[in-house]
1. Go through (1) part of a loop (DSSP other than H, G, I, E, B); (2) crowded, with 20+ Cβ neighbours inside 10 Å and name the single condition Ala93 misses.
2. Confirm whether Leu112 is within 16 Å of the ligand (Cβ to nearest atom), at pLDDT 95 or above and closer than 20 Å to Pro328 by Cβ.
3. With respect to Ala86, determine if the residue is assigned to a helix (DSSP H, G or I) and either within 29 Å of Pro226 (Cα to Cα) or in contact (Cβ under 8 Å) with a residue 40 or more places away in the chain (or both).
4. Any residue at all in region 331-344 that's at pLDDT 95 or above and assigned to a helix (DSSP H, G or I)?
5. (1) of a type outside the set (Val, Ile, Thr); (2) within 24 Å of Gly59 (Cα to Cα); (3) in contact (Cβ under 8 Å) with a residue 12 or more places away in the chain: which one isn't true of Ser76, the others all being true?
6. Look through region 154-170, keep the residues that are in contact with a helix residue (DSSP H, G or I) (Cβ under 6 Å, 6 or more places away or on another chain) and touching a residue at least 60 places away in the same chain (Cβ under 8 Å), and return whichever of them is farthest from the ligand (Cβ to nearest atom).
7. Using beta carbons and a limit of 8 Å, which pairs, at least six apart or on different chains, have the first residue in region 328-343 and within 15 Å of Asp105 (Cβ to Cβ) and the second one hydroxyl-bearing (Ser, Thr, Tyr) and outside any loop (DSSP other than H, G, I, E, B)?
8. Answer yes or no as to whether Thr174 is closer than 24 Å to Ser231 by Cα, modelled with pLDDT of 95 or more, in contact with a strand residue (DSSP E or B) (Cβ under 9 Å, 6 or more places away or on another chain) and more than 16 Å from the ligand (Cβ to nearest atom).
Amino acid sequence: MRTVPLNAPIRQLREESALLHAALDEVIESGWLIHGPQHAAFEGELADFVGVPHCVGVGNGTDALALSLRAALDVSPGRVLTVANAGGFTSVAARMVGAAVGFVDVDPVTHLMTPESLSEVIDHDTGVVVVTHLYGAIADAPALRAMCEEFGAVLIEDCAQALGGARDGVQAGTTGTLATTSFYPIKNLGALGDGGAILCRDTVLADRLRALRQYGWSGKAHVEHPHGVNSRLDELQAAFLRRRLPNLHTWNERRREILQRYDAACPPGLRIVGANQDGAHVGHLAVLECPDADLLRAHLGAHGITTDVHYPVPDHHQPPWRDGSVLPVTESFVGRILSLPCFPQLTDEDVTTVCDALTAFRPTELTDVMPSSGD
Ligand SMILES: *Cc1c(COP(=O)(O)O)cnc(C)c1O
């Protein structure tokens, strides 16, 4: 039986082997390992790519959020508001900086924070709002920013799943006071290990973030900020990322195409979240919404297709974070979402295998399929 993996980094690594070895050679020959020419160049190239003046490389996407929150809360203290269906990264980061977290429900169709859902929770105690451009779909950042401004709050965009995406001509990461991303290997722009970055327009904030990522230093061994950490993007990852960045739009296009093929293959009652959003989606995850995700998962498993759930437990139901929030829409996704294989190196045959299995799905036939699913 053909099998289709959820992810297969090895395919991209093989494809790019010569390119990546050349990057490694360049770093070895330069003698720079931390904050050298590759890192400086990459920061500039990513800032240009997104369309903001400043980019600050950091160790990973969670640190990017934590350092952004630290910098934002310094100028705008208060509670951090975010969604509870986006994997918990902002909740982790907020706790890293000792901030209180409040949860905002999301839109039932797009699964994103909207001005309407934010308006139910935002108040004058809100310091920062973090909007996650989830699954690769782009939220309405300009409208969210306008609402934040009314309440004196700062907007941060988490672009870890949406780098290169735009909505109504507005590039993800250009509206928030700060925007973060992750280069975890399976993100749309992945490194060969961990990495992250913060994007911003404000020069003072960018300098503050550069201090925060390296012991709080203003200059070598001179501490300017009391809450510095060590969170650096290393030279080698920057060199790899520079080789990959020029392909990002092409890869995003391929992801979008896969999403649309899946959506077209869905039988009635199933849909791919955000597939009909045209350009406002970069296909980080192909998330299927269906009445019973466990049944569908067993059916696809029986056809050799690996799936996952992003994310199985909403933040406000995670035992250490339970806070009594009631988020009816977010909670309604539990047991109803399933992520399908979606990455640029999927072959057309892989995609067809998934599409055929989707089209063949009949909830009533599942009793026949399930016993032989083998997992
Ligand atoms: C992956 C991810 C992060 C965290 O990035 P790491 O590099 O794994 O720390 C944060 N936010 C979102 C939306 C993500 O998808």
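The values are calculated or read from the model by the stated rules, or taken from the named source; none is laboratory data. In this text the structure is predicted, and so the values were computed from the model without any measurement. Reconstructed Cβ throughout: ideal geometry from the backbone, glycine too, with neighbour counts over all protein chains shown.
1. (1)
2. yes
3. When the stated conditions are applied, Ala86 does not pass them.
4. yes
5. Here Ser76 clears every test but (2).
6. It comes out as Val154.
7. Close Cβ pairs satisfying both conditions: Val329/Ser117.
8. Details: closer than 24 Å to Ser231 by Cα: yes; modelled with pLDDT of 95 or more: yes; in contact with a strand residue (DSSP E or B) (Cβ under 9 Å, 6 or more places away or on another chain): yes; more than 16 Å from the ligand (Cβ to nearest atom): yes.
So Thr174 fits the description; yes.
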